[in-house]
Amino acid sequence: MMFLLNHKLQKFNWHVIFNIIGYVLIAEGILLALPLVIDLIYDEQVWSAYLIGMALCIGIGYPMSILKRKHTSYFAKDGMIAVGLS
Amino acid sequence: MLTGEIPHYADAFFETVSGFTTTGSSILSDIEALSRASLFWRSFTHWIGGMGVLVFILAFLPKSNERTMHIMRAEVPGPTIGKLVPRMKESAKILYEIYMALRIIEVVLLVLGGMPLFDSLCNSFGTVGTGGFAILNTSIGQYNNVYYEMVITVFMLLFGINFNMYYFLLIKDFKQVFKE
């Protein structure tokens, strides 16, 4: 059973999936700048939380986005996994 | 969680998933207790999720190729997906431009009606994603303003329609509009 699952998981192009999730995290990190600006305008002192969130998203997302791809092709199953995980 | 406004992980996870999937369910009983930054981000998740996070990535980030169709197909609901133009990246851009233009019109109409800019931005995020996150405990009803309700109702309908149709309307392809 475990062998079968492992075999199926190996069929996915994980490098591409991680690349896509990395881009999603980077985009979210950049977009977190908006609530940060809102907080600075209204001065509600939660900006540090958004700054940490930004750093975490970009810090995790960037290494994922630059992972070298073994092959660039990906298929519907990889798209499904990428959407599900992101 | 980091702001301390939703301290439990499960609650924060639920609220985030509800936002990004534009479900609109909430665990919060006192929405107004949140900071404005959190209210903005909460509503903004609807805006991102409304078109799909990955459609956003396709539209604005490099390295997309002909195979991005697989991502679009997985992200967009329904059995089929229509390409507006041959390149998927361009299709995603067109969809986002329509999405943004409609949203800007809604914000302008709400502001013209007297709604504060911050409120109109957040309420429009809730409308565009058709999720319905509001920034007041009793939602739009708290304003007790028929004009706001009318504008938001009309835009809820407009955002519920297939966006491809707007593109075909713009290029005056009425045959495709009726087909849609």
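Looking at (1) more than 9 Å from every other protein chain (Cβ to nearest Cβ); (2) at pLDDT 90 or above, which is the one condition that is false for A:Met64? For A:Met64, the failing item is (2). Of all residues in the range B:21-42, those that are within 9 Å of another protein chain (Cβ to nearest Cβ), assigned to a helix (DSSP H, G or I) and not charged (D, E, K, R) total 5. Among the residues of the range A:4-28, those identified as modelled with pLDDT of 85 or more and in contact with a Phe, Trp or Tyr (Cβ under 9 Å, 6 or more places away or on another chain) are A:Gly22, A:Val24, A:Leu25, A:Ile26, A:Ala27.
Tallying residues that are without any contact (Cβ under 8 Å) to a residue 12 or more places away in the chain, within 25 Å of A:Leu85 (Cβ to Cβ) and surrounded by fewer than 16 Cβ atoms within 10 Å (Cβ to Cβ) within the range B:1-57 yields 8.
Going by what's in this entry, would A:Pro35 be described as over 29 Å from B:Glu5 (Cβ atoms) and either modelled with pLDDT of 80 or more or loosely packed, with under 12 Cβ neighbours inside 10 Å (or both)? Judged against the criteria, A:Pro35 is not a match.
Residues in the range B:43-52 that are more than 9 Å from chain A (Cβ to nearest Cβ) and of a type outside the set (S, T, N, Q): B:His46, B:Trp47, B:Gly49, B:Gly50, B:Met51. Hey, does the range B:125-137 have a residue that's within 14 Å of the chain's Cα centre (by Cα) and on the phi > 0 side of the Ramachandran plot? The answer is yes, given that some residue of the range B:125-137 is within 14 Å of the chain's Cα centre (by Cα) and on the phi > 0 side of the Ramachandran plot. Restricting to the range B:125-151, what's the tally of residues that are surrounded by 15 or more Cβ atoms within 10 Å (Cβ to Cβ) and in contact (Cβ under 8 Å) with a residue 40 or more places away in the chain? Looking only at that region, the number is 12.
The values are calculated or read from the model by the stated rules, or taken from the named source; none is laboratory data. All of these numbers come straight from a predicted model, not from anything done at the bench. Note that we place each Cβ from the backbone using ideal geometry, even for glycine, and neighbour counts take in every protein chain shown.
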